[in-house]
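To start, the structure under review is shown below, and the notes come after it.
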Amino acid sequence: MYNSLLFFHSITRWLLLIGLIYTICNAYKGYTKKKHFTKLDNALRHWTATIAHIQLVIGILLYIKSPIISYFWNNFSETKEHLDLFFFGIIHITMMFIAIVIITIGSALAKRRITPKEQFKTILVWFLIALLFILIAIPWPFSPLANRPYFR
């Protein structure tokens, strides 16, 4: 089960990144060109947030089942100095949880805004902040905190 969760978490990461980047670009274009907020724009907002929530659920299940996390918490006094273990035990889950909360708040606020300009601006700002959190918290192959391959 752990390997399946890891695989789906890896795949969903790319779906979320693509969705976030596309939605942010769409919001920027809509905001700067003063476009109307269409059903497609609303669907992008909604599905990006939905993919983020799916990613969070898979991530939480992975966190619960992970032998790395289990080892980290069972040997906390020894492992807190190992950056790789500390990253997955604390940093990654905390930053990703914050990012999903930011996406959720941004999505809810954008849905309630009245003018298209406010809707696009809300999505642009909140989703961009979440994207920055996510980019920092992903264990990229080049990351000094913890490195993992692009696909697992």
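The values are calculated or read from the model by the stated rules, or taken from the named source; none is laboratory data. Computed from a prediction, not measured in an experiment: that's the story for all the values here. Because the Cβ atoms are built from the backbone with ideal geometry, glycine has one as well, and the counts that use them run over all protein chains shown. All accessible areas refer to the heavy atoms of the entire protein, side chains included, with ligands and DNA or RNA removed. Shrake-Rupley method; radii C 1.70, N 1.55, O 1.52, S 1.80 Å.
Sort out which residues of segment 38-47 are open to solvent by 40 Å² or more (accessible area, probe 1.4 Å) and touching a residue at least 24 places away in the same chain (Cβ under 8 Å), and write them in order of number. Hits for segment 38-47 are ASN42, HIS46, TRP47.
Taking segment 31-47 as the range and being closer than 17 Å to LEU128 by Cα and hydroxyl-bearing (Ser, Thr, Tyr) as the test, the residues that pass are TYR31, THR32.
Go through segment 9-29 and give me each residue that's more than 15 Å from LYS111 (Cβ to Cβ), surrounded by 15 or more Cβ atoms within 10 Å (Cβ to Cβ) and not hydroxyl-bearing (Ser, Thr, Tyr).
Start the filter on segment 9-29 by keeping residues that are more than 15 Å from LYS111 (Cβ to Cβ), which leaves 9-22, 24-26, 28-29.
Then drop every residue that is not surrounded by 15 or more Cβ atoms within 10 Å (Cβ to Cβ), which leaves 9-10, 12-13, 15-17, 19-20, 24, 26, 28.
Once the filter is applied, which keeps residues that are more than 15 Å from LYS111 (Cβ to Cβ), surrounded by 15 or more Cβ atoms within 10 Å (Cβ to Cβ) and not hydroxyl-bearing (Ser, Thr, Tyr), segment 9-29 yields HIS9, ARG13, LEU15, LEU16, LEU17, GLY19, LEU20, ILE24, ASN26.
On the given criteria, is THR50 open to solvent by 40 Å² or more (accessible area, probe 1.4 Å), in a helix (DSSP H, G or I) and among the polar types (S, T, N, Q)? No. Sub-8 Å Cβ pairs linking a first residue in segment 84-106 that is in contact (Cβ under 8 Å) with a residue 12 or more places away in the chain and under 18 Å from THR50 (Cβ atoms) to a second residue that is of a type in the set (Ser, Thr, Tyr) and surrounded by 20 or more Cβ atoms within 10 Å (Cβ to Cβ), at least 6 apart or interchain, are ILE103/THR48; GLY106/THR122, ordered by first then second residue.
Selection of segment 20-42 for residues being aliphatic (A, V, I, L, M), within 17 Å of TRP126 (Cβ to Cβ) and over 17 Å from the mean Cα position of the chain (by Cα) yields only ALA27. The set of residues in segment 2-45 that are in a helix (DSSP H, G or I), more than 21 Å from LYS65 (Cβ to Cβ) and among the β-branched types (Val, Ile, Thr) comprises ILE18, ILE21, THR23, ILE24, THR32. Of the residues that make up segment 21-30, is at least one touching a Ser or Thr at 6+ places or on another chain (Cβ under 8 Å) and over 18 Å from ALA130 (Cβ atoms)? Looking through segment 21-30, none of the residues is touching a Ser or Thr at 6+ places or on another chain (Cβ under 8 Å) and over 18 Å from ALA130 (Cβ atoms).
For segment 53-152, the helices (runs of 4 or more DSSP H) that sit wholly inside it and include 3 or more residues that are open to solvent by 80 Å² or more (accessible area, probe 1.4 Å) and under 30 Å from LYS29 (Cα atoms) are 92-112, 116-137.
Within segment 110-126, residues that are in contact (Cβ under 8 Å) with a residue 24 or more places away in the chain have Cβ atoms under 7 Å from residues that are charged (D, E, K, R) and surrounded by 16 or more Cβ atoms within 10 Å (Cβ to Cβ) in these pairs: ALA110/ARG45; ILE123/ARG45, counting only partners at least 6 apart in sequence or on another chain.
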